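Quick one: the structure is below, questions incoming.
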Amino acid sequence: MSNNNHNPRKKNFQIEAFKHRVVVDPKYADRTWKILEHAIAEIYNHNASGLSFEELYRNAYNLVLHKFGEKLYSGLVTAMTAHLKEICNSIESAQGDSFLEMINRKWNDHNKALHMIRDIVMYMDRTYVSSTKKTPVHELGLNLWRDHIVQSSKIQTRLRNTLLELVRKERLGEVVDRLLMRNVIKMLMELGELVYLEDFEKPFLDASAEFYKGESQRFVESCDCGDYLKKAEKPLAEEVERVAHYLDEKTEAKITSVVEREMISNHIQRLVHMENSGLVKMLVEDKFEDLSRMYTLFGRVEKGLATVRDVMTLHLREMGKQIVTDPEKSKDPVEFVQRLLNERDKYDEIITKSFNNDKTFQNLLVSSFEFFINLNNRSPEFISLFVDDKMRKGVKGSGEEELEVVFEKVMILFRYLHEKDVFEKYYKQHLAKRLLSGRTVSDDAERSLIVKLKTECGYQFTSKLEGMFTDMKTSQDTVKGFYNTHPELSEGTTISVQILTTGFWPAQPTVPCNLPAEVSVLCEKFKSHYLGTHNGRRLSWQTNMGTADVKATFGKSQRHELNVSTFQMCVLMLFNGSDRLSYKEIEQATEIPRSDLKRCLQSMACVKGKNVLRKEPLSREIGEEDCFVVNEKFVSKFYKVKIGTVVAQKETETEKFETRHRVEEDRKPQIEAAVVRIMKSRKVLDHNNVIAEVTKMLQGRFLANPAEIKKRIESLIEPKKLDLADNKLLIRKAAEIRRLCDVQFDSSIIGVGEICKAVICLEMAASRIKLNVKELAIQFGCVRIITTVQKSLSAYKERFLASLPVSRRANTDFTRPVFTAAAFFLCARKQKLKVDKHRLIEVCGTSESEFSCVLTSMMDLCFEFFGVSKEKKDPKELNSGQGLVDVLPKKRRHDDSSDDEPSCYKREKKMEETKLETQQELKVLA
Amino acid sequence: MRETVKLISMEGFEFVIDREAAMVSQTIRSMLTSPGGFSESKDGVVTFPDISTTILEKICQYFYWSLQYSRGKETEFYIEPELTLELMMAANYLHT
């Protein structure tokens, strides 16, 4: 901006010329520049105090104003470069340790100088630089520094090495000047991200990797797993701290991953499998701290936890398999289950304490347990026995809550079982024994366990068990009622009866037994009392499950009360009559079966401390010729003595086999029911999917075997082995009834064979297909003709019967649906209502030919009800009854049912062609 | 806080204003806060051999007005037309 005159707005004003005239000559520029150059030098020499900012600023301002910005800028560059070169030299010449210090110092100086220079030439920065797009001064300064110092070849390598050396020293434990390091590294960061990354970070990471590789190798060879883990934790913490102190925070993630990689992932396999201190040992010895350390450390690394999981799963399965298949353990089921519970508790604790209750570990615990529990197929039985044991004896030294806790744990084990229905069977048996012998520790505990089972498996599972409880309760009330009505009986011998509903309790065969007179009288009285209030029921005494309390006097005055089984009571009562009895006599008198009798005699004569009888000869085995005498010398500390309780035992081989077999049988109808349910909803489904769906559906009860499912499906497809292939509706109904009867109750009680059952079901199905006129009407939507139909039907019946010879009247059966259907059809036709004839035929389950015969007959006989046209025949003229009755087929013929189920529709078509044939058939039959 | 600085015009007039007011100008601000030991920051005195008294006076007024305005008092700042040119140049120089 040179001398331009500003045009005055008002004429009387005159702008004075500028006071300061700037001489536009290059000399001025040079001069000004010299001043500035000098100033810069002073600044670099820390001599800035004497300068006047304003003067310098003004100079710079003027230079730029007069378009000498270029000169200023380039001059600046040169000056700074020169100074920096000097600095470079001085740094290079620095000795050993002071190298870093020197750099730091010079850097600080440079920064300060740069700041000052920038302030001075701020105007240039604002205007010239932005217009010419050159680098701003500050950045310029940094770049120059970078180019000439940091990246000068000599300094660069030396700098890097020094830094790395220091880091290494620190890692080895020496103390290092952290502040210095921080500043230097900050310098690198300020010079640009790239500089930092290239010049420092990368070599740093490489060196660290090397270092830690060496370290970890050393450790692994010298320490065991636990120690190594401790040692491995340290560097991680250290490095994080180091980063916080003097490195850029972005390095943190990188260095951590380097350490993790070197110290952990490279050695995972080795660590985990380390003998005598690896994962397995830690698990076995409950080393919580070590395990949690392992968890945290391995958790950082990708495959760490997966490896841990795998090893743990293997170990669990191995261990579990050992427990489960150990023949020793299987001898005592309670021990067996207890051991399982303990193991489970132990690993649960480990997972909660050390593995932070990680879900994946919980899952693997579940799957491993599931795996090996089901390896032993007696597991369900054993678990039930365990529960039984606890119910009878309670948990040592503890109350209800403890029992609850134990049962919770048992439920967890239960969930692992695949064959829950086996468990159900055993549990039912054991529960029955417990309830009947009154040996439960706590009724509430029983009930709560049942509730737990219900929540787990659904209502169906526990309905029978609950039924058992109800029975017990009702029995109590009944007995009370009995004694209320017969108060005279409360003197002398008393009985207490439990009435068991057949379906709920496990099936038991009735065993014959001659009860002593006093008892049988009471039993009869009770029976009559009961049947008085509930008729239509049948009672049978289960003598093999009862107990009795007998007061006995031994010797002079030893009185004891003996708690014995019913059989034993019968035997003992015999001794009231005679002192000495032989085995044969006892057997005859009581009529108890041989094996049971032998067992109860054994428990009374051969067991130490309970030998109320003496046996001659004194041997364990009961022979036919043995004689029994009352043991006068019987002594016992207690007044009440328990003899020969019926304890739930492990089953013998045969019993086991039988139970299993029954379970298998029970499963068949369940599979079938599941298949039917699925097919009903899906209509069409391919084989594999069916199997998958069925397995899923039955999962809650047992693991279905695909081969078994296949067999069931086949048995459903193939028609029942009776000759009614035509009428699918009937067969389906019969099959349904059959399945129902299998599922709803244990049909072995009824004692019917398979074929018998099938026949009964068919009969029921067939006879159920009675047609109700009302139903028909609703089905076909012609409600108003109901009365007409009924009237016409009765009229037809009358007339038909009238026309029959007397002898044949009894044979006719008008309840057959055919007649109702025919009458219905004709009435509808008369009323001009549309009724689908073929559907009608299908519904009433007859055949086309038969139906039309009946139609014709009806039309002829009861014209006034049905007739539309003029045809009218004299009833007597008809080939009355004869042909009709004979036409009603006694035996169905397979018309054209080579393929599946040609429905009426298809048959109609065929019929039209073969009408002639049909009529011929009719004639043949007639 | 209530430090003052002295601004000296080309004729030698001294204007004493608050440091805060002076800081409105970027140039003066960097002068006073520059890291180097410039004389200005030490003494608290700035000379402007290029700026006349009237202009400098107006500039000081502007400083105070600016502070007021930023505190919410929105008044007008009147500039005599004959001063405008010089004022603008000074403003450019002072980066205000």
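Bear in mind that the values in this text are calculations on the coordinates, not laboratory data. All values reported here derive from a predicted model rather than from experimental measurement. Here Cβ is always computed from backbone atoms with ideal geometry, including for glycine, and neighbour counts include all displayed protein chains.
Apply the Karplus curve 6.51 cos²θ - 1.76 cosθ + 1.60, θ = phi - 60°, to the phi angles in segment A:300-315 and return the couplings in whole Hz, x for Gly and Pro.
Once θ is set to phi - 60°, the couplings for segment A:300-315 become 6, 9, 3, 8, x, 5, 4, 4, 4, 4, 4, 4, 5, 4, 4, 4 Hz.
To make sure I understand, if each residue's beta carbon is the centre and we count other beta carbons within 10 Å, what order do A:Ser90, A:Ser131 fall in, fewest to most?
With the sparsest Cβ surroundings first, the list reads A:Ser131, A:Ser90.
Which shape class, rounded, prolate or oblate, goes with segment A:654-728 when its Cα gyration tensor gives a ≥ b ≥ c as root eigenvalues, a/c under 1.5 marks rounded, and past that a/b bigger than b/c marks prolate?
The shape class here is oblate.
Would you mind giving the mean number of other chain beta-carbons within 10 Å of the Cβ of each residue in B:49-57, as a whole number?
2
Let me ask something additional. Under 20 Å Cα to Cα from A:Lys281, which aspartates and glutamates show up? Leave out anything in the same chain fewer than 8 places away.
Answer for A:Lys281, where 20 Å is the Cα cut-off: A:Glu221, A:Asp224, A:Asp227, A:Glu289, A:Asp290, A:Asp310, A:Glu318, A:Glu343, A:Asp345, A:Asp348, A:Glu349, listed by chain and number.
Sticking with this one: For peptide B:18-28, how many partner chain Cβ atoms fall within 10 Å of a residue's Cβ, on average?
Neighbouring Cβ atoms belonging to other protein chains average 1 per residue here.
What is the order of A:His148, A:His486, fewest Cβ neighbours within 10 Å to most?
Least to most surrounded, the residues fall as A:His486, A:His148.
Net charge near A:Gln779, counting Lys/Arg +1 and Asp/Glu -1 over other residues with Cβ under 12 Å of its Cβ?
In short, -1.
Here's another thing I want to ask about it. Mind giving me the nanometre distance, one decimal, between the label points for A:Lys633 and A:Val405, set 7 Å out from Cα along Cα→Cβ?
A separation of 5.0 nm, rounded to one decimal place.
Here's another thing I want to ask about it. So which of A:Lys473/A:Lys527; A:Lys106/A:Lys154; A:Lys321/A:Lys393; A:Lys598/A:Lys633; A:Lys112/B:Lys42; A:Lys797/A:Lys834 end up more than 20 Å apart, counting from Cα to Cα?
In this structure, A:Lys321/A:Lys393; A:Lys598/A:Lys633; A:Lys797/A:Lys834 lie more than 20 Å apart at Cα.
OK, next. Sort A:Glu842, A:Glu672, A:Glu335 by Cβ crowding within 10 Å, fewest neighbours at the top.
Result, fewest neighbours first: A:Glu335, A:Glu842, A:Glu672.
Roughly speaking, what % of Cα-Cα pairs in segment A:120-273 are separated by over 26 Å, rounded to a whole number?
Of all Cα-Cα distances in segment A:120-273, 41 percent exceed 26 Å.
Which order, highest average first, do A:207-219, A:572-584 follow once you tally other Cβ atoms within 10 Å for each residue and take the mean per peptide?
So the order, starting with the most tightly packed, is A:207-219, A:572-584.
Explain nothing, just the number: dipole magnitude of segment A:546-647 about its Cα centre with +1 on each Lys and Arg Cβ and -1 on each Asp and Glu Cβ, in debye rounded to the nearest 20.
That gives a dipole near 620 debye.
Taking 41 Å as R0, compute the FRET efficiency from the Cβ-Cβ separation of A:Lys834 and A:Glu718 and round it to 0.05.
For A:Lys834 and A:Glu718, the calculated efficiency is 0.60.
Using amide H atoms built in the peptide plane, which far-off residues or other-chain residues are under 5 Å from A:Ala548 H to H?
A:Val564, A:Ser565, A:Thr566
Sticking with this structure for a sec: What shape does chain B take by its C-alpha gyration tensor, where a ≥ b ≥ c are the square roots of the eigenvalues and a/c under 1.5 counts as rounded, a/b above b/c as prolate, and the rest as oblate?
oblate
Calculate the spin-label point distance for A:Glu456 paired with A:Ser595, positioning each point 7 Å from the Cα along the beta-carbon direction, and give it in nanometres.
Here the modelled spin labels are 3.1 nm apart.
Just check segment A:420-510 against the gyration tensor rule for me: Cα atoms, a ≥ b ≥ c as the square roots of the eigenvalues, rounded for a/c under 1.5, and otherwise prolate or oblate depending on whether a/b exceeds b/c.
Prolate, since a/c reaches 1.5 and a/b exceeds b/c.
Tell me which residues come under 5 Å, amide H to amide H, from A:Glu591 once H is placed; ignore anything under 5 positions away on its chain.
A:Asn514
Can you work out the Karplus-derived ³J(HN,Hα) for every residue in segment A:702-707? Use 6.51 cos²θ - 1.76 cosθ + 1.60 with θ = phi - 60°, whole Hz, and x for glycine or proline.
7, 8, 7, 8, x, 4
May I pose another question? Where the centroid of each part is defined by its Cα atoms, how far is segment A:225-286 from segment A:154-198 in Å?
25 Å
Let me ask something else. Once phi is turned into θ = phi - 60°, what whole-Hz ³J(HN,Hα) does the Karplus curve with 6.51, -1.76 and 1.60 give for every residue of segment A:145-160, x standing for Gly and Pro?
After applying 6.51 cos²θ - 1.76 cosθ + 1.60, I find 4, 4, 5, 8, 10, 4, 9, 5, 4, 5, 5, 4, 4, 4, 4, 4 Hz.
Over the whole of A:55-62, what's the average partner chain Cβ count within 10 Å per residue? Rounded to a whole number, please.
Neighbouring Cβ atoms belonging to other protein chains average 4 per residue here.
If the viscosity is 1.002 mPa s and the temperature 20 °C, what Stokes-Einstein diffusion coefficient in µm²/s follows for segment A:546-647 when Rh is the Kirkwood radius over Cα pairs?
The estimated diffusion coefficient comes to 159 µm²/s.
Sticking with this structure for a sec: If you take the beta carbon distance between A:Val511 and A:Lys359 as r and set R0 to 41 Å, what does 1/(1 + (r/R0)^6) give as a FRET efficiency, to the nearest 0.05?
0.15
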